[in-house]
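The values are calculated or read from the model by the stated rules, or taken from the named source; none is laboratory data. Predicted model, so just to flag it, every value in this text is computed and none were measured. Here Cβ is always computed from backbone atoms with ideal geometry, including for glycine, and neighbour counts include all displayed protein chains. Just so you know, the surface numbers come from the protein's heavy atoms only, side chains and all, with ligands and any DNA or RNA stripped out. Shrake-Rupley method; radii C 1.70, N 1.55, O 1.52, S 1.80 Å.
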Amino acid sequence: MAKEQQPEVLKVLDVAKTQFYHFTAVVISGMGFFTDSYDLFCISLVTKLLGRIYYHIEGSAKPGSLPPNVAAAVNGVALCGTLAGQLFFGWLGDKLGRKGAYGITLMLMVGCSIGSGLSFGSSPTSVIATLCFFRFWLGFGIGGDYPLSATIMSEYANKRTRGAFIASVFAMQGFGILAGGMVAIVVSSIFRALYHADPYSVDPIGSTVPQADYVWRIILMFGAIPAALTFYSRMKMPETPRYTALVAKDQTKACQDMAKVLNVEIKEKQEVAQPQNNRSSKFALFSKEFLRRHGLHLLGTASTWFLLDIAYYSQNLFQKDIFSAVGWLPSASSMSALDELYKIARAQTLIALCGTVPGYWVTVFLIDHIGRFAIQLIGFFFMTVFMFVLAIPYHHWTRPENNIGFIVIYGLTFFFANFGPNSTTFVIPAEIFPARFRSTCHGISAAAGKAGAIIGAFGFLYASQNQDQTKTDAGYPPGIGMRNSLIVLGVISILGFFFTFLVPESKGKSLEEMSRENEDEGDQVQPNRVEVTV
């Protein structure tokens, strides 16, 4: 088997110095992920408020809560849209180019973030239906950002710092989650100051002031602002040189685009490009040749992302339920609607600040030093350990004097999820597949992750219910309990640890080396030669 030479323009890209444009690309792509995480996770902050506003039951000892089917739909519909968007835009990014599909995702996010705060009617059914409609399409746009942002960043970065730049884009998720909590704290604080309300136990009706209906809408619609701010910059980004050179087969244009954004002058010296008869450029997605070269890798990236997201989204979307179960939040009846929102947001912000955000950035600083494989193994291992530490002596943690210890260990599960598989499962699929399949395969891997997230969102909601029917939330059947649910999440993390062995290490290697882009079973091809001036 012969090897085709790597086009010179890509060699230059692999060894290019880190420049201002690399950081610009991180910000432009990263703001999309800031918006993504804000929109996906802020819904968990307002679901209890929605229950109080629209599902109050006269004479009930407990505040209103979303019925099981409504809660599942509100929490899960955006994830369903995200899964569909990852598959569609992943495919589109390989067909039209990364840039061609990039603006569409942002327009969907802006429009549907605003739409999420609107209602076609005032009845609970119409409000929830409108919310679910716009959140599905919001998720569809968010889904597109996963394969496109990862692929764009990987195809512009040099091989020495590529992992850090891709991880930096994804790390903006942490700031999005943090911003969601902070926006909820600010908005709820303002409305609490303006409109005083007694606890539910004192005044069931008055505990939810009419103006609370504006609060959840403002929180959801705020997600449109950061996305809108980056729209112009996204539209000005050129196509990635790798897509232009390897997929569009236009090395001249690749040189021109690269010269625009990086501080290099590239002059083509030879215009002759002989026909490529190599098998590596002909095999189709899911063909025998593809499966031989990349089948196990795709299984590894998809399975680890699937398993990670079951655990990660179960924890993230239902933090409020976990906090309530261990007594860290007061009982709902002892608070007004806005008090409850404020305290939920404060708790989630604390977890994001102490566990989530640091985990992302430790990955950024270490990924190109210790590698993706090691970080993913470390993350899954400690997620497993801390899940079991929480689950096995669960009743110990429910005692008021042990709440702080519970929160510390719970925060460490988030730290090692983000300094671990939540970051690496995003990075690796953008590095190990051929350019013409890169966006599609990343989309498939990400969609497998969102399938896991959907299982986590729907399954955990029911599974974590108390085994005693009299202690379940209204409308829910008995579940396996919080303790057993945490044990299940620990077992899932163990499986993720072992499936990680299907994933290759890409640290310090070029994308073409990892994807075996240049392998040829025929004659060698003489690529265009370029002259580079830095």
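Between Ile494 and Ser122, how many nm apart are label points set 7 Å from Cα along the C-beta direction?
Here the modelled spin labels are 5.5 nm apart.
For Asp368, Asp250, Asp257, give me the order by solvent-accessible area with a 1.4 Å probe, most accessible first, ignoring ligands, DNA and RNA.
Final ranking, largest accessible area leading: Asp250, Asp368, Asp257.
May I ask you to list, by number, the DSSP H helices of the chain whose Cα span along the axis is at least 24 Å and whose average Kyte-Doolittle hydropathy reaches 0.0 or more?
20-54, 68-95, 98-116, 124-156, 162-194, 296-317, 372-391, 435-463, 481-499
Taking all pairs of different Cα atoms in the stretch 63-163, averaging 1/r and flipping that mean, what Kirkwood radius in angstroms comes out?
Here the Kirkwood hydrodynamic radius works out to 14.8 Å.
How would you classify the stretch 370-410 from its alpha-carbon gyration tensor, with a ≥ b ≥ c the square roots of the eigenvalues: rounded for a/c under 1.5, else prolate if a/b is greater than b/c, otherwise oblate?
prolate
Can you order the peptides 355-362, 293-300 by their average number of other Cβ atoms within 10 Å per residue, highest first?
355-362, 293-300
Run lengths n ≥ 4 of DSSP H only: what is the helix-derived mean residue ellipticity at 222 nm for the chain, with -39500 (n - 2.57) per run over all residues, to the nearest 500?
One gets -21500 deg cm²/dmol as the mean residue ellipticity at 222 nm.
How large is the dipole of the chain about the Cα centre if only Lys and Arg carry +1 and Asp and Glu carry -1, each at its Cβ, rounded to the nearest 20 debye? Display every interim value, and only then the final one.
Numbers: 42 positive and 37 negative charges, 68 e Å.
Result for the chain is approximately 320 debye, rounded to the nearest 20.
Sorted by average packing, counted as other Cβ atoms within 10 angstrom per residue and highest first, what order do 17-24, 433-440, 402-409 take? Please list the in-between numbers first.
Details: 17-24: 14.0, 433-440: 25.9, 402-409: 15.6.
Descending mean neighbour count gives 433-440, 402-409, 17-24.
When N counts the residues of the stretch 97-234, how does its alpha-carbon radius of gyration compare numerically with 2.2 N^0.38 Å, as a ratio?
Here the answer is 1.33, to two decimals.
Using only the alpha carbon atoms of the chain, find the Kirkwood hydrodynamic radius as the inverse mean reciprocal pair distance, in angstroms to one decimal.
It is 24.0 Å.
Filter the cross-link list Lys343/Lys471; Lys17/Lys249; Lys11/Lys282; Lys11/Lys159; Lys95/Lys249; Lys95/Lys282 down to pairs whose alpha-carbon distance in this structure exceeds 18 Å.
Checking Cα-Cα distances, Lys343/Lys471; Lys17/Lys249; Lys11/Lys282 exceed 18 Å.
Give me the percent relative contact order of the chain, please, defined on Cα pairs under 8 angstrom at least 6 residues apart.
Taking the mean separation of contacting Cα pairs over the length of the chain, I get 27 percent.
Mind checking the dipole of the stretch 91-159: about its Cα centre, +1 per Lys or Arg Cβ, -1 per Asp or Glu Cβ, Debye to the nearest 20?
The dipole magnitude comes to about 100 debye.
Note down, for the stretch 366-464, the three equivalent ellipsoid semi-axes (square root of 5 times each alpha carbon gyration tensor eigenvalue), biggest first, whole angstrom.
The answer is 32, 18, 8 Å, longest axis first.
In nm, to one decimal, how far is the modelled label at Leu291 from the one at Thr18, with both set 7 Å along Cα→Cβ?
Going from the Leu291 label point to the Thr18 one covers 4.2 nm.
Roughly speaking, to the nearest percent, how much of the chain's 1.4 Å accessible area is carbon and sulfur?
65 percent
Using a 1.4 angstrom probe, figure out how much accessible area the chain has per residue, in square angstrom, rounded to the nearest whole.
Here the residues of the chain average 37 Å² of exposed surface.
Please work out how much accessible surface Leu108 shows to a 1.4 Å probe, ignoring ligands, DNA and RNA, in Å² rounded to 10.
40 Å²
Charges on Cβ only, +1 for Lys and Arg, -1 for Asp and Glu, centred on the Cα centroid of the chain; of Ser331, Leu308, Tyr21, which one is farthest towards the dipole's positive end?
My answer, from the dipole projection, is Tyr21.
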